[in-house]
Amino acid sequence: MPLYNISKTKRLVENIRAIRTIMPEVLARERELAHSKWFAYRFMSPLAATELFADFYRKGVKAYVREHRDIEEAEKANGIADNIFSQASSSLTQLWQARQKADELSLPYDTLIDFGFHFVSRRRWRSTPRPIQLFGSKNSDVAWPMEIAKYVEDRLPMTLSRIPVLPQYQTENYRGLPVQDRFREHVLEDLKTGNSNWSTKIGNACVGRRHLPLRSALQLVPDTEWSAIATSIRMDLEVGTLVPPPEEHVTGIALAPACIGIPSARDESSSDCQSCSFNASCRSLIDCAAKHLVDRFGTPSPLADARREHERKKRNERQKRFRDRSKIKLLAAEARASDPE
């Protein structure tokens, strides 16, 4: 699944699909989550991130069924329908909200899902847990947070080193964006705690992945060690044990936060929207999406309007039943009053 070189057209299509299948109040959370989700997903649209979460969940289901039930059954097990993203449904909403909970916790989806299945397997659940059940139940609101904290303690540093080499984080694409600064802070903290020697750690972060400029990493070590570190990095480059990735310059929408172009996630009064470098692009995407939806469905929010229409019909039906019962009661009372004794 591509994480970069995202075109405006592709993002627009993804956002339209999200607006058509997910209620506005659910999508409204995407602005907040754009700043908390795991770094590898911060440039993905909410739809693309949910599709990725679904892929990891399906793999988790197969592994869970294979281990606790039957190998042949595991081959057919998916946990969620193949066409779950084709139309609005409660199952899609629950999947979407499960992905949002992972984003809220700033966890990689595969790590969260692996732990979720591990957690429920120890409690011998009779059925395969649905995505939202991977976060425990009301009876495990204390145990779940405690156990996942232990589970990820040793895994997150290793997971950080396995983040794809995203151009958005590489030095040639640095624009001083808040997400880029937070990522650099995270990488620096990881360098402080890693077990490898300084030349290896700095070489990987600054040359092998280009996530940091060399001057930032060298601030972590004494001046007397700089020369040895630089010499070691040059040797690794010469012998080929350190290979920098090709430069990949990205611009525009590829550097935008995940929430861009989501109407209900936009709040003109919020500091996030006011300070966002992509404010104008966000408005443009929203206007384009609204025009497409109005042209096709007659409304910029077909799902919300459909729900309001459904609620209106239910309300009218309730009122009609109430009037019918009242009329029957009135007729019965009139009948009793006119009935001679």
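Assorted remarks:
- In the chain, helices alone account for a calculated mean residue ellipticity at 222 nm of -18000 deg cm²/dmol, with every DSSP H run of four or more residues adding -39,500 (n - 2.57).
- To the nearest 10, the accessible area of SER281 is 50 Å² with a 1.4 Å probe.
- Put simply, the C-alpha atoms of the stretch 87-149 give a gyration tensor, and the ellipsoid matching it has half-axes of 19, 15, 10 Å, longest first.
- Area accessible to solvent at TRP38, 1.4 Å probe radius, in Å²: 10
- Zero-based 5 Å bins, Cα pair distances in the stretch 1-87, whole percents: 3, 12, 19, 19, 18, 12, 9, 6, 2
- Measuring only protein heavy atoms, the 1.4 Å probe finds LYS201 accessible over about 20 Å².
- Cα Rg, Dmax, the stretch 41-89, angstrom units: 12.9, 38
- Listed by chain and number, the aspartates and glutamates whose alpha-carbon sits under 19 Å from that of LYS138, ignoring those within fewer than 8 places in the same chain, are GLU104, GLU147.
- Unit Cα scatterers, Debye sum, the chain: log10 I(q)/I(0) for q = 0.07, 0.11, 0.14, 0.15 Å⁻¹: -0.42, -0.87, -1.20, -1.29
- Basic side chains Lys and Arg get +1 at the Cβ, acidic Asp and Glu get -1 at the Cβ, and with that the dipole of the stretch 232-341 about its Cα centre reaches some 1220 debye.
- Lysines with Cα under 18 Å of LYS59, excluding same-chain neighbours fewer than 8 positions away: LYS76
- Solvent-accessible heavy-atom area per residue, rounded to whole Å², over the chain at 1.4 Å: 56
- Among ARG215, ARG42, ARG31, the largest mean-square fluctuation in a Gaussian network model of the chain (Cα springs under 10 Å) belongs to ARG215.
- Gaussian network model of the chain, Cα within-10 Å springs - most flexible of ARG318, ARG123, ARG66: ARG318
- Too-long pairs where the Cα-Cα distance tops 32 Å, listed order kept, from LYS10/LYS313; LYS101/LYS192; LYS8/LYS101: LYS10/LYS313
- Ordered by 1.4 Å accessible area with all protein chains kept, GLU75, GLU248 run largest first as GLU75, GLU248.
- GNM flexibility winner over the chain from LYS59, LYS313, LYS192 (Cα, springs under 10 Å): LYS313
- Helix runs (DSSP H) in the chain reaching 15 Å along axis by Cα, Kyte-Doolittle at least 0.0: 109-121, 226-239, 279-297
- Overall dimensions of the stretch 220-278 by Cα: Rg and Dmax, Å: 21.0, 55
The values are calculated or read from the model by the stated rules, or taken from the named source; none is laboratory data. Since this is a predicted model, take the numbers as computed values, not measurements. A quick note on method: Cβ atoms are made from the backbone with ideal geometry, for glycine too, and the neighbour counts reach across all protein chains shown. Accessible surface is based on the protein model in full, side chains and every heavy atom, while ligands, DNA and RNA are left aside. Shrake-Rupley method; radii C 1.70, N 1.55, O 1.52, S 1.80 Å.
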